[in-house]
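Some notes on the structure that comes next.
The values are calculated or read from the model by the stated rules, or taken from the named source; none is laboratory data. Computed from a prediction, not measured in an experiment: that's the story for all the values here. Here the Cβ positions follow ideal geometry from the backbone for every residue, glycine too, while neighbour counts run over all protein chains shown. Accessible surface is based on the protein model in full, side chains and every heavy atom, while ligands, DNA and RNA are left aside. Shrake-Rupley method; radii C 1.70, N 1.55, O 1.52, S 1.80 Å.
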Amino acid sequence: MAQFPAISILVPAFNAEKTIFRCVESILKQNLEDSEIILIDDGSTDKTLELCNTLSAKYDAIKVIHKNNGGVSSARNSGIKAAQGKYIAFIDSDDYLETKDFGKILNICMENDLDVCFYKFKIENEDGDFKIGSEHSFLYNHLYSGEEVITKNFHISSACIAFFKSEHIKKYSISFCENMSYSEDTDFVTYAIAYAKKIMFTKYVPYVYAFNNKSATNTVNCNTEKRIKRETSNITMAQRLFELSKDQKLSAILREKLIFWANSIIAGQMLHLVKSKHFSDLCTISAIGYSKHILPIRGRTQSYKTTILIPFINIITKLSTIGAR
């Protein structure tokens, strides 16, 4: 292996004893000679760490980090700090790679000196059937800037379908927000895109997302605590978009777009709480929004229809905070 590998593949794992072998074996099949695989055991209570150490003893390219449980964002951040590759990729331990296209994608990154390179993914349901993940309108193998991507309303919910240049991530101190339980991937990718000068989309579909009906994301509406965490994460996401919009290194057009997006998140969150009649949540989230100075909503959203509802949203959120006292 070269002194500094071309790519570091980071795999956070928590109680993943049933899936970690499948995940790692699918990475090894990519035949990436100049690579490192970093397995981050996030305080597992099953045999995950033991299995990670077994894999590391068998393959020189595999390194293991063991840490106290802190969540997937904390685990990924530990991996970013340890990564030595020119590029970084993330794979969740319950997912896997189906094709052998990572080498092709890496070549595209190297040849074009990309900051971020996106690829596509499949979703595997519990019956073993597949469907292609969300599509986009961007041209394949065409260079875009961060401003172009964000102003075209490209929002991504996973950090696992892109290569990120390590130098780019570290130059702008981009990391996963450990205060967010949901949408942390969208937050990370947005920051990476905003500062990127060279972004490309490829047609390759190497990543398989193993859908789980019992996952935290899919059970959130049935659990009040998880629902509040999701709603709070949305507020944090909006707050971080506002913070990003203040960076004068970004263009005026991009900064304005980030503000519209942040307002859309807040407005959408509050309208959802009203429609779903989660009035207790509305009081809690409104109070948090005012304490973080992202309420009342100022300016417009991405949607004209939502924008005209802003006075109504500001009134109900203010009344909610009064009612909560």
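Once the whole set of protein chains is in place, how much accessible area is left on residue 49, using a 1.4 Å probe, in Å² to the nearest 10?
Solvent-accessible area, nearest 10 Å²: 50 Å².
Taking the Cα centre of the chain as origin, work out the dipole magnitude from +1 charges on Lys and Arg Cβ and -1 charges on Asp and Glu Cβ, in debye rounded to 20.
1320 debye
Just round it to a whole percent: the fraction of Cα-Cα distances in region 164-315 exceeding 22 Å.
48 percent
Distances over 16 Å make up what percent of all Cα-Cα pairs in region 51-121?
Above the 16 Å cut-off, region 51-121 has 62 percent of its Cα pairs.
Provide the net charge surrounding residue 70, with neighbours chosen by a C-beta distance below 12 Å and charges set as Lys +1, Arg +1, Asp -1, Glu -1.
Taking every other residue near residue 70 into account, the sum is -1.
With the other protein chains left in place, how much accessible area per residue, in square angstrom, belongs to the chain at a 1.4 angstrom probe?
48 Å²
Determine which aspartates and glutamates satisfy two conditions relative to residue 86: a Cα distance under 17 Å, and not lying fewer than 8 residues away in the same chain.
33, 34, 36, 111, 113, 115, 167
Can you bin every Cα-Cα distance in region 1-88 into 5 Å intervals starting at zero and give me the percent of pairs per bin, rounded to whole numbers?
Going out from 0 Å in 5 Å bins, region 1-88 shows 3, 16, 27, 26, 18, 8, 2 percent.
Which of the lysines could a cross-linker bridge to residue 318, judged by Cα under 25 Å and excluding same-chain residues fewer than eight apart?
226, 229, 275, 277, 292, 305
With everything on Cα atoms, drop me the angle between helix 72-82 and the longest principal axis of the chain, reported from 0 to 90° to the nearest 10.
Helix 72-82 sits roughly 50 degrees off the main axis of the chain.
Using every alpha carbon pair in the chain, what percent of pairs falls into each 10 Å bin from 0 up to the bin containing the largest distance?
6, 25, 32, 24, 11, 2, 0
Looking at the chain, what % of its DSSP beta bridges pair antiparallel, to the nearest 5?
In the chain, approximately 30 percent of DSSP beta bridges are antiparallel ones.
Compute the signed sum of charges (Lys and Arg +1, Asp and Glu -1) over the other residues within less than 15 Å, Cβ to Cβ, of residue 108.
So the surrounding residues net to +3.
May I ask for the angle, rounded to the nearest 10°, between helix 184-194 and the longest principal axis of the chain, with both axes built from Cα atoms and the value confined to 0 to 90°?
In the chain, helix 184-194 runs at an angle near 90 degrees to the longest axis.
Using alpha carbons only, how many degrees (0 to 90, rounded to 10) separate the axis of helix 252-275 from the longest principal axis of the chain?
Its long axis makes an angle of about 70 degrees.
Pairs 152/203; 165/257; 67/171: which exceed 21 Å Cα-Cα?
Exceeds cut-off: 165/257; 67/171.
Would you calculate a helix-derived [θ] at 222 nm for the chain, using -39,500 (n - 2.57) for each DSSP H run of n ≥ 4 and dividing by the full residue count, to the nearest 500?
-13500 deg cm²/dmol
Give the shape of region 72-197 as rounded, prolate or oblate, defined through the alpha-carbon gyration tensor: a ≥ b ≥ c are the square roots of its eigenvalues, a/c under 1.5 means rounded, and otherwise the shape is prolate if a/b is larger than b/c and oblate if not.
Cα axes put region 72-197 in the rounded bin.
Whole angstrom only: what separates the Cα centroid of region 218-280 from the Cα centroid of region 1-49?
One Cα centre to the other: 32 Å.
Could you work out the local net charge near residue 179, counting Lys and Arg as +1, Asp and Glu as -1, over the other residues with Cβ closer than 12 Å to its Cβ?
Residues near residue 179 contribute 0 overall.
Quick check for me: using +1 on Lys/Arg Cβ and -1 on Asp/Glu Cβ, what's the dipole size of region 17-129 about its Cα centre, in debye to the nearest 20?
Charge dipole of region 17-129: 340 debye, to the nearest 20.
Taking all protein chains as present, what is the carbon and sulfur share of the accessible area of the chain, in % to the nearest whole number, probe 1.4 Å?
Accessible surface attributable to carbon and sulfur in the chain totals 51 percent.
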